[in-house]
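Q: Take a look at this one; I'll ask things after.
The values are calculated or read from the model by the stated rules, or taken from the named source; none is laboratory data. The structure displayed is predicted, hence computed values, not measured ones. Heads up, the Cβs are rebuilt from the backbone with ideal geometry, glycines too, and the neighbour counts pull from every protein chain shown.
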Ligand SMILES: Cc1cc2nc3c(=O)[nH]c(=O)nc-3n(C[C@H](O)[C@H](O)[C@H](O)COP(=O)(O)OP(=O)(O)OC[C@H]3O[C@@H](n4cnc5c(N)ncnc54)[C@H](O)[C@@H]3O)c2cc1C
């Protein structure tokens, strides 16, 4: 049977060049946005039909926001752009010589088996890495996707319910012990939110347990939290967490996770067992598998986190028509040395805009300089009116940093409706200390509702 191919690879004089963008995350979205008025046909391929604002998934995981408020349908974003087509499909491989992508359908939606391009931009992002212990994932969910954030939300809320129903004191203690692994911005934000959930939102909801007695542990292998920030801000963030009731364990490595808890090693002591039924994973990341495929096909180097090394114009060696951007790449600087940029949205967004600009320049027959990242700073929130910010050398903490964090996140959230909804939600929660989305979903019952 002949395979179906959509979009031919060769540009005829009659046809506009076809740019295919893989990934409707931060990088891909910016690339497509900057090409919407260019003389090209754009196809955006994603295995999801929505853009996810990952910086706020932890708020879904703790019931502060609902999924629809941080995700936006890709078709709706580009509905007015006649030269942009959205294709729901998974990219499974590349034929760089034929200039074609291999696609897999996202059930039950059929997809063409191949898609031709003239220029390709790949922004497949990254996944959490369990450092070779994939079995830990079953007990320590992460909050990168909407599905996993909802699973974490159910797990956290179910732990309080289970503690309320548990007569055994030790088991009740295990249900009320929450462990967050990894103290980067996501881990810090998660730990702070769980503490607020326990000490504030849920404090009057139960009759047997006192949620304020929950233990929240934040485990970090490095000797301080938020290692991407200057040490004085790490210290301030740690103090804020302690005020919220979070126990910060730095210099401690997780060596085991199972259904009953977490085992920690330490630099100076022996293994320590912590009984816990609710563990959240916020440690290391690994690049999308698309990075590995591109590296194999082009001979480009990969680093330990699986990122493919792109040239200083973000293209792959020997393939000026293929750009790779965002979390899945490291970039050669003008001296040819590979540089790992922070795995944050502004890097992917700037790279997406840059790739689009290069494509536009080429159409005009112009050259374009190397990619340069403009670091606008670092932000992390800890809880209600508490955050740290390192913006171009200005170090902020407390309310001012928190207000900056709010404005930045509202500004970058996609969709006016979502911005308005999130603003209303945050204002309401600030005044009432509530969290409207405290739902346990996907829970199973042992009976199917029969009358046995
Ligand atoms: C929990 C969390 C919190 C974060 N907080 C912050 C923060 O506060 N500030 C900040 O700046 N950054 C934050 N980040 C990092 C930021 O989200 C990433 O740096 C950014 O999303 C990278 O953009 P990207 O385009 O490379 O990938 P992504 O935004 O991850 O997009 C990748 C896209 O590719 C699609 N895709 C992947 N593989 C395929 C395939 N085979 N076929 C089809 N589609 C595919 C995915 O569905 C996705 O839509 C956070 C990340 C996480 C996980």
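Q: Residues of the range 386-397 being more than 20 Å from the chain's Cα centre (by Cα) and free of Cβ contacts under 8 Å to residues at least 40 places away in the same chain, which ones?
A: First, pick out the residues of the range 386-397 that are more than 20 Å from the chain's Cα centre (by Cα): 386, 390-397.
Listed by number, the residues that qualify are 391, 392, 393, 394, 396.
Results for (1) within 11 Å of the ligand (Cβ to nearest atom); (2) modelled with pLDDT of 95 or more; (3) more than 16 Å from residue 21 (Cα to Cα); (4) surrounded by fewer than 16 Cβ atoms within 10 Å (Cβ to Cβ), shown as yes or no for each residue.
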{"site": "305", "(1), (2), (3), (4)": "no, yes, yes, no"}
{"site": "323", "(1), (2), (3), (4)": "no, yes, no, no"}
{"site": "328", "(1), (2), (3), (4)": "yes, yes, no, no"}
{"site": "332", "(1), (2), (3), (4)": "no, yes, yes, no"}
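Q: Let me ask something else. Working only within the range 203-246, note down all residues that are part of a strand (DSSP E or B), touching a helix residue (DSSP H, G or I) at 6+ places or on another chain (Cβ under 7 Å) and closer than 14 Å to residue 185 by Cα. Reasoning before the result, please.
A: Just the residues of the range 203-246 that are part of a strand (DSSP E or B), to begin with: 215-220, 246.
Next, from what is left, pick out any that are touching a helix residue (DSSP H, G or I) at 6+ places or on another chain (Cβ under 7 Å): 216, 218, 246.
Hit for the range 203-246 is 218, nothing else.
Q: Now, a different point. Tell me, yes or no, whether the range 405-422 has at least one residue that is in a loop (DSSP other than H, G, I, E, B), under 24 Å from residue 226 (Cβ atoms) and at pLDDT below 85.
A: Taking the range 405-422 as the starting set, the residues that turn out to be in a loop (DSSP other than H, G, I, E, B) are 413-415.
Still in the running and under 24 Å from residue 226 (Cβ atoms): 413.
Checking the rest, the ones that are also at pLDDT below 85 come to none.
No: zero hits.
Q: May I ask you to say which residue of 356, 348, 370 is part of a helix (DSSP H, G or I) and away from the ligand (no atom under 12 Å from the Cβ)? First the steps, then the outcome.
A: On the way: 348 fails: away from the ligand (no atom under 12 Å from the Cβ); 370 fails: part of a helix (DSSP H, G or I).
The conditions single out 356.
Q: Here's a check for you: in the range 42-66, which residue that is under 14 Å from the mean Cα position of the chain (by Cα) and either over 19 Å from residue 23 (Cβ atoms) or away from the ligand (no atom under 13 Å from the Cβ) (or both) is surrounded by the most Cβ atoms within 10 Å (Cβ to Cβ)?
A: 58
Q: Kindly provide the set of residues from the range 156-171 that are in contact with a helix residue (DSSP H, G or I) (Cβ under 7 Å, 6 or more places away or on another chain) and closer than 22 Å to residue 64 by Cβ, ordered by number. So that I can check it myself, show each step before the final result.
A: Quick first cut of the range 156-171, residues in contact with a helix residue (DSSP H, G or I) (Cβ under 7 Å, 6 or more places away or on another chain) only: 156, 159-160, 162-163, 166.
Hits for the range 156-171 are 156, 159, 160, 162, 163.
Q: Still on this structure, I have one more. With the structure loaded, tell me whether residue 264 is part of a helix (DSSP H, G or I) and more than 22 Å from residue 32 (Cα to Cα) or whether it fails that test.
A: Details: part of a helix (DSSP H, G or I): no; more than 22 Å from residue 32 (Cα to Cα): yes.
No; evaluated as a whole, the condition is false for this residue.
Q: Okay, moving on. Within the range 17-36, track down each residue that is within 10 Å of the ligand (Cβ to nearest atom) and within 20 Å of residue 413 (Cα to Cα).
A: Taking the range 17-36 first, the residues within 10 Å of the ligand (Cβ to nearest atom) are 21-31.
Within the range 17-36, 23, 24, 25, 26, 27, 28, 29, 30, 31 meet the criteria.
Q: Check 111, 71 and return the single one that is in contact with a helix residue (DSSP H, G or I) (Cβ under 7 Å, 6 or more places away or on another chain), in contact (Cβ under 8 Å) with a residue 12 or more places away in the chain and more than 8 Å from the ligand (Cβ to nearest atom).
A: Numbers: 111 fails: in contact with a helix residue (DSSP H, G or I) (Cβ under 7 Å, 6 or more places away or on another chain).
Result: 71 is the single residue among 111, 71 that is in contact with a helix residue (DSSP H, G or I) (Cβ under 7 Å, 6 or more places away or on another chain), in contact (Cβ under 8 Å) with a residue 12 or more places away in the chain and more than 8 Å from the ligand (Cβ to nearest atom).
Q: For the range 179-194, does any single residue satisfy the condition of being more than 16 Å from the ligand (Cβ to nearest atom), surrounded by fewer than 24 Cβ atoms within 10 Å (Cβ to Cβ) and at pLDDT 95 or above? Walk me through it before giving the result.
A: Of all residues in the range 179-194, those more than 16 Å from the ligand (Cβ to nearest atom) come to 179.
Going one step further and asking which of them are surrounded by fewer than 24 Cβ atoms within 10 Å (Cβ to Cβ), we end up with none.
So far as the range 179-194 goes, no, none of its residues is more than 16 Å from the ligand (Cβ to nearest atom), surrounded by fewer than 24 Cβ atoms within 10 Å (Cβ to Cβ) and at pLDDT 95 or above.
Residue-by-condition table, conditions (1) crowded, with 16+ Cβ neighbours inside 10 Å; (2) on the phi < 0 side of the Ramachandran plot:
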{"site": "348", "(1), (2)": "yes, yes"}
{"site": "351", "(1), (2)": "yes, yes"}
{"site": "355", "(1), (2)": "yes, yes"}
{"site": "375", "(1), (2)": "no, yes"}
{"site": "378", "(1), (2)": "yes, yes"}
{"site": "385", "(1), (2)": "no, no"}
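Q: While we're on this one: Just the residues that are under 22 Å from residue 26 (Cα atoms) and loosely packed, with under 15 Cβ neighbours inside 10 Å, please, taken from the range 337-346.
A: Matches in the range 337-346: 339, 340, 342.
Q: Related question: Taking residue 82 as the residue in question, decide whether it is part of a loop (DSSP other than H, G, I, E, B) and buried (at least 21 other Cβ atoms within 10 Å of the Cβ).
A: Details: part of a loop (DSSP other than H, G, I, E, B): yes; buried (at least 21 other Cβ atoms within 10 Å of the Cβ): no.
Considered against the rule, which asks whether it is part of a loop (DSSP other than H, G, I, E, B) and buried (at least 21 other Cβ atoms within 10 Å of the Cβ), residue 82 comes out as no.
Q: I would also like to ask the following. Sort out which residues of the range 385-404 are touching a strand residue (DSSP E or B) at 6+ places or on another chain (Cβ under 7 Å) and assigned to a loop (DSSP other than H, G, I, E, B), and write them in order of number. It would help to see each step written out before you state the result.
A: Kept after step one, since they are touching a strand residue (DSSP E or B) at 6+ places or on another chain (Cβ under 7 Å), are these residues of the range 385-404: 387-390, 396-398, 401-402, 404.
Once the filter is applied, which keeps residues that are touching a strand residue (DSSP E or B) at 6+ places or on another chain (Cβ under 7 Å) and assigned to a loop (DSSP other than H, G, I, E, B), the range 385-404 yields only 398.
Q: While we're here: Is it fair to say residue 249 is more than 15 Å from the ligand (Cβ to nearest atom) and in a strand (DSSP E or B)?
A: Answer is yes for this residue.
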